[in-house]
Amino acid sequence: MNHFQRKKGVLHAERISLEALAEAHGTPLYVYSTATLTRHWKVLHRSLAGIDHVVCYAVKANSNLAVLSLFARLGSGFDIVSGGELYRVLKAGGDPGKVVFSGVGKRDDEIAFALESGVRVLNVESAPELARVSIVARRMGVRAPIALRVNPDVDPKTHPYISTGLRENKFGVSIAEARRLYALAATDPALEIRGIACHIGSQITDLRPFLDAIARVRALAKDLATQGIRLGHLDVGGGLGITYRDEEPPHPDAYGAAIKKALTGWDGEVFLEPGRVLVGNAGVLVTRVLYVKKSGRKTFVVVDAAMNDLVRPSYYGAYHGIELAGAPRKDARELVCDVVGPICESSDFLAQKRRLPEPRPGDLLVVRSAGAYGFAMSSNYNARPRAAEVLVDGDRALVARKRETYADLVRGEQPLPEPGAVHRVRRMS
Ligand SMILES: *Cc1c(COP(=O)(O)O)cnc(C)c1O
């Protein structure tokens, strides 16, 4: 369910047509729907009614301040993977007491920033990281709240690039290693054991892997309890998939119900780290057709959005639905085409071999399900200013991020000084 629907044939974001938004804000343009974001968050939250839980939105999926502050107002927690994401959450008015800090490569300054800010827990992913957290906490004279992220070695049956819970992945520690590290942490006065975490991958469309992971984590928690190590929370991670094309992921209600069942008898808190499922279908990318180019038997629809704006198709071979924003023309024939951007890479496409009503230059195309890992993974490759982002609420649109300018592209850079200038380049030695 999302609030991007056609009215008299014209695609709208809530009550504003995407054509009007493109006219006002230019293209390429990311458009998010407040009603959809709100609805998704509330549905997931309610699916866990009756158990003590915190929905910690995974910031990396879409870290725009407007999106973060919307979730913060709903009472959301946050799952972060960097100091920069913590900074964003705090800027957006998020409660640090509901922040969990994941990631395999936390630097000392990021650990210190998290401890200073009073995050709920650091999800520790290795023995050397546990040692670093202890050192930083001792230096600051505080106790660091920690959980271990265990790698339950289950196959989430998703794309290899977004699978994280297999033994061969870089994430988390094995169950055996977790046992050893919990025992170690229990004797370290700079560490306070809070809970246990897992996260097995992304775009998972089957409940089984989630339930297997929870069962393994619970077995470990039970073991630890017999050794006097009590865990206050169990973090089940994120990873619930969405429909891009014909996937049939479980509804969040079914997901919540299954998790509740798997956690029967668990008397601690439960944390969730959903990203994609909250924001994926709450956003679209609007792009204008520049040219329709015929080349041999192929037709390329060249648009003004590219892989720097939305990298998922070229990076993961991901599928995104693409439609015309306007009402289809009566005389339009269907054509099979590649929708490509202006970037100088053959992998710069948004869709391949796609059937579309033949567009004309100036038409608007809408790339669906672009709210997650869309803008967040964008770059300035080919010196392309990044797209604007707007958040629609009913008949109002907030510019959540201004379109970048050419000046933004070179911020912080400088050309070489004039030859012979007083400010010589300092010699390295
Ligand atoms: C990416 C990530 C998530 C969110 O994954 P989704 O598939 O977007 O739900 C949650 N937890 C951790 C640790 C992550 O790295």
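The values are calculated or read from the model by the stated rules, or taken from the named source; none is laboratory data. Since this is a predicted model, take the numbers as computed values, not measurements. Neighbour counts run over all protein chains shown; Cβ positions are idealised from the backbone, glycine included. Heavy atoms of the whole protein, side chains included, go into the accessibility calculation; ligands, DNA and RNA do not. Shrake-Rupley method; radii C 1.70, N 1.55, O 1.52, S 1.80 Å.
The distance linking segment 1-50 with segment 136-158 is 35 Å (Cα centroid to Cα centroid, whole angstrom). Would you work out what percent of the accessible area of the chain, with all protein chains in place, is carbon or sulfur (probe 1.4 Å)? Carbon with sulfur: 51 percent of the solvent-accessible area. GNM remark for the chain: springs join alpha carbons under 10 Å apart, and the peak mean-square fluctuation among S126, S202, S117 falls on S117. Angle check, please: helix 208-226 long axis (alpha carbons) against the longest principal axis of the chain (alpha carbons), in degrees 0 to 90, nearest 10. For helix 208-226, the angle is close to 20 degrees.
Between A332 and E116, what length in nm is gained on full extension when 0.36 nm per residue of separation is reduced by their alpha carbon distance?
Net length gain for the segment: 71.7 nm.
Tilt of helix 65-74 relative to the longest C-alpha principal axis of the chain, in degrees (0 to 90, nearest 10)? That helix lies at roughly 50 degrees to the long axis.
What shape does segment 34-277 take by its C-alpha gyration tensor, where a ≥ b ≥ c are the square roots of the eigenvalues and a/c under 1.5 counts as rounded, a/b above b/c as prolate, and the rest as oblate? Oblate, because a/c is 1.5 or more while a/b does not exceed b/c.
Any idea what the dipole of the chain comes to, in debye rounded to 20, about its Cα centre with Lys/Arg Cβ at +1 and Asp/Glu Cβ at -1?
Details: 59 positive and 47 negative charges, 94 e Å.
It works out to roughly 460 debye.
Remark: relative contact order (segment 144-293) = 23 percent; criterion is Cα-Cα distance under 8 angstrom and separation of 6 or more residues.
Remark: spin-label model distance T226-K261 equals 2.8 nm, labels positioned 7 Å along the Cα→Cβ axis.
Treating the angle as unsigned and between 0 and 90°, give the value, to the nearest 10°, between the Cα long axis of helix 252-262 and the longest Cα principal axis of the chain. Computed tilt is about 20 degrees.
Sorting I51, I80 by accessible area puts them as I51, I80; the probe is 1.4 Å, largest comes first, and only protein heavy atoms count.
Sorting the segments 148-155, 100-107 by their mean number of nearby beta carbons within 10 angstrom, highest to lowest, gives 148-155, 100-107. Taking other residues whose beta carbon is less than 11 angstrom from the beta carbon of A372, and scoring Lys, Arg as +1 and Asp, Glu as -1, yields +3. Beta-bridge orientation, the chain: approximately 50 percent antiparallel, per DSSP, counting only bridges with both partners inside. Look at the dipole of segment 322-429 built from charges on Cβ: of G326, P417, V390, the Cα furthest out on the positive end belongs to P417. Karplus-derived 3J(HN,Hα) values for segment 131-140, using 6.51 cos²θ - 1.76 cosθ + 1.60 with θ = phi - 60°, are 5, 5, 4, 4, 4, 5, 5, 4, 4, 8 Hz; glycine and proline are entered as x. Counting only Cβ charges, +1 for Lys and Arg and -1 for Asp and Glu, the dipole size of segment 198-283 around its Cα centre is about 220 debye. Averaged per residue, the chain has 47 square angstrom of accessible surface, using a 1.4 angstrom probe with ligands and nucleic acids left out.
Taking the Cα centre of segment 34-277 as reference, the dipole from Cβ charges on Lys and Arg (+1) and Asp and Glu (-1) amounts to some 280 debye. For D408, the shell of other residues with beta-carbons less than 12 Å away shows a net charge of +4, using +1 for Lys and Arg and -1 for Asp and Glu.
Which order do you get for D206, D331 if you rank them by accessible area with a 1.4 Å probe, largest at the top?
Ranked list, largest accessible area first: D331, D206.
In the complete set of protein chains, residue-level accessible area for I146 is approximately 0 Å², probe 1.4 angstrom. Which of the lysines could a cross-linker span from K330 if the Cα-Cα distance has to be under 29 Å and same-chain partners fewer than 8 positions apart are dropped? Answer for K330, where 29 Å is the Cα cut-off: K7, K8, K293, K294, K298, K353, listed by chain and number.
Cross-link reach is defined here as a Cα-Cα straight distance under 22 Å, omitting same-chain residues fewer than 8 places apart; for K91 the lysines meeting it are K60, K106, K402. For the peptides 230-242, 344-356, the ranking by packing is 230-242, 344-356, with the highest mean count of neighbouring Cβ atoms within 10 Å listed first. For segment 144-203, a/c is not less than 1.5, where a ≥ b ≥ c are the root eigenvalues of the C-alpha gyration tensor, and a/b tops b/c. That puts it in the prolate class. Given a 1.4 Å probe and the protein chains as shown, Y32 ends up with an accessible area of around 0 Å². Taking amide H as placed 1.01 Å from N in the peptide plane, A400 has its amide H under 5 Å from the amide H of E389, V390, L391, each at least 5 places away in sequence or on another chain.
Adding -39500 (n - 2.57) for every DSSP H run of four residues or longer, then dividing by how many residues the chain holds, sets the calculated 222 nm ellipticity at -8000 deg cm²/dmol. Shape class of segment 53-189 from the Cα gyration tensor (axes a ≥ b ≥ c, square roots of the eigenvalues): oblate, since a/c reaches 1.5 or more and a/b does not exceed b/c.
Each Cα pair under 8 Å and six or more residues apart adds its separation to the average, and for the chain the resulting relative contact order is 19 percent.
Can you tell which of P274, H251, P145 lies farthest toward the positive end of the dipole of segment 34-277, using +1 and -1 charges on the Cβ of basic and acidic side chains (Lys, Arg; Asp, Glu)? Checking the options against the dipole of segment 34-277, the answer is P145.
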